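Everything below concerns the one structure shown next.
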Amino acid sequence: VFDDAGKHLCNSVVQIPNDWKLYVTILIDGMAIHPRIVQLILKADQILAACSLPVIREDGALLIFLFHSLFSGREDLQSQVIDPEQGITVEMLRRFIGHFQDQGYRFVSSRDVLAGLPPRGRYALLTFDDGYYSNSRALPVLEAADAPALLYVSTGNVKHGKAFWWDVLYRENQRRGGTRKQLRDQLLRCKRRKTSDIEMDLLRDAGPAALHPCSDLDRPFTAAELKDFAAHPLISLGNHTRDHAILTNYSAAEVREQLQGAQDDIREMTGFTPESVAYPNGNQSAEIVRAAIDIGLRMGVGVQSSRNHLPLQLDSPKAMNLKRFTLLGDRPIEAQCRASRAGLSLYQALRNAKPRANAELTPISPA
Ligand SMILES: [Zn+2]
């Protein structure tokens, strides 16, 4: 596949178990892959997973999964309050957990991970980013499955009851009748900036109420709700910076402020001190990792999709850069579960190859 100018835009090499090498060249039309090609890639993933799962060794791995807001059902998906792209419903979450438990995976907490997982097992860690109140809808499902979850909180949004800027951007784009491409371009521009600058522009363009949440779907927890939620034995909290700061856009001093500020806020609101961090949008560097370790964080997760092989090297920078899969609601959940277990997905490889540049392959909402 070539673009009009014959320009070569992306290359991925995927290693599969019996030493075949599958060379995949996907040429991208501008910044967006045609939906038909995405469909073909996903179909190829299903075939790869079906071929490889019977022969690969699934034991000895920790698979981490990233979710954001949790939709209650069709009504939420059609509400246009937040981008339905990820669109994971409570029912999908239940099927996701069931799939992994049926395959002998044990859902673990961050405490289990930091205590050291026995290296021969199959483990899954369920994470929710940002601090959406709608994550409380997961509790009945988690309780029924006895599955713990880790909530990475952007504490400024909780303390100030502030909507997340990417949801505001989505609504503004809808209101103006903007295209998907316009939204994507705007999002990519924002991801190169500091949160306070983005919010200032939104307030100027959309009025002083721009950052007021619309409903239970887009609002963050309140401090009191977060305290209750964190008191549940299946829930633990992690650091997602104070302002959902994409840390590579900040100075070294500001990075420390963002990480330490979130630690202080979570301790103040819940009495709990996080030991792990999810870097907003997955952006980190050696300096950022060092700053996180310096303030006492022992585990870090990004948005690169891959299995984490055991044993994890705890108390090393490697443990500060664990991989996470993102599942999407607009395609079959079971097929995505199988592709993650196989650790062999063209779709995920492509996402990893162009994680920041291609919004069709990167969820519109920042992690
Ligand atoms: Zn996030």
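The values are calculated or read from the model by the stated rules, or taken from the named source; none is laboratory data. Just so it is clear, the model here is predicted, and its values are computed rather than measured. No Cβ is skipped: glycine too gets one built from the backbone with ideal geometry, and neighbour counts run over all protein chains shown. All accessible areas refer to the heavy atoms of the entire protein, side chains included, with ligands and DNA or RNA removed. Shrake-Rupley method; radii C 1.70, N 1.55, O 1.52, S 1.80 Å.
The set of residues in region 309-321 that are touching a residue at least 24 places away in the same chain (Cβ under 8 Å), open to solvent by 40 Å² or more (accessible area, probe 1.4 Å) and in a loop (DSSP other than H, G, I, E, B) comprises 311, 314, 321.
Results for (1) over 28 Å from residue 293 (Cβ atoms); (2) aromatic (Phe, Trp, Tyr); (3) open to solvent by less than 10 Å² (accessible area, probe 1.4 Å), shown as yes or no for each residue.
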residue	(1), (2), (3)
210	yes, no, no
221	no, yes, yes
224	yes, no, no
243	no, no, no
249	no, no, no
260	no, no, no
263	no, no, yes
271	no, no, no
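Pairing each residue of region 283-308 that is under 25 Å from residue 116 (Cβ atoms) and open to solvent by 10 Å² or more (accessible area, probe 1.4 Å) with any residue that is in a loop (DSSP other than H, G, I, E, B) and among the hydrophobic types (A, V, I, L, M, F, W, C), provided the two are 6+ apart or on different chains, yields C-beta distances under 8 Å for 298/314; 303/367. Scanning region 322-367 for residues that are modelled with pLDDT of 70 or more, assigned to a helix (DSSP H, G or I) and open to solvent by 40 Å² or more (accessible area, probe 1.4 Å) yields 334, 338.
The sole residue among 41, 47 that is β-branched (Val, Ile, Thr), buried (at least 18 other Cβ atoms within 10 Å of the Cβ) and assigned to a helix (DSSP H, G or I) is 41. Candidates in region 198-224 are the residues that are among the charged types (D, E, K, R) and assigned to a loop (DSSP other than H, G, I, E, B); of these, the one that is nearest to residue 137 (Cα to Cα) is 216. Each residue in region 53-69 was checked for being out of contact with any Pro (no Cβ under 9 Å at 6 or more places or on another chain), in a loop (DSSP other than H, G, I, E, B), modelled with pLDDT of 85 or more and more than 16 Å from the ligand (Cβ to nearest atom), and 1 of them qualify. One residue alone among 296, 261, 271 is within 16 Å of the ligand (Cβ to nearest atom), at pLDDT 90 or above and not hydroxyl-bearing (Ser, Thr, Tyr), and that residue is 261. With the requirement that a residue be open to solvent by less than 10 Å² (accessible area, probe 1.4 Å) and part of a helix (DSSP H, G or I), what does region 70-116 give you? Once the filter is applied, which keeps residues that are open to solvent by less than 10 Å² (accessible area, probe 1.4 Å) and part of a helix (DSSP H, G or I), region 70-116 yields 93, 96, 97, 100, 113.
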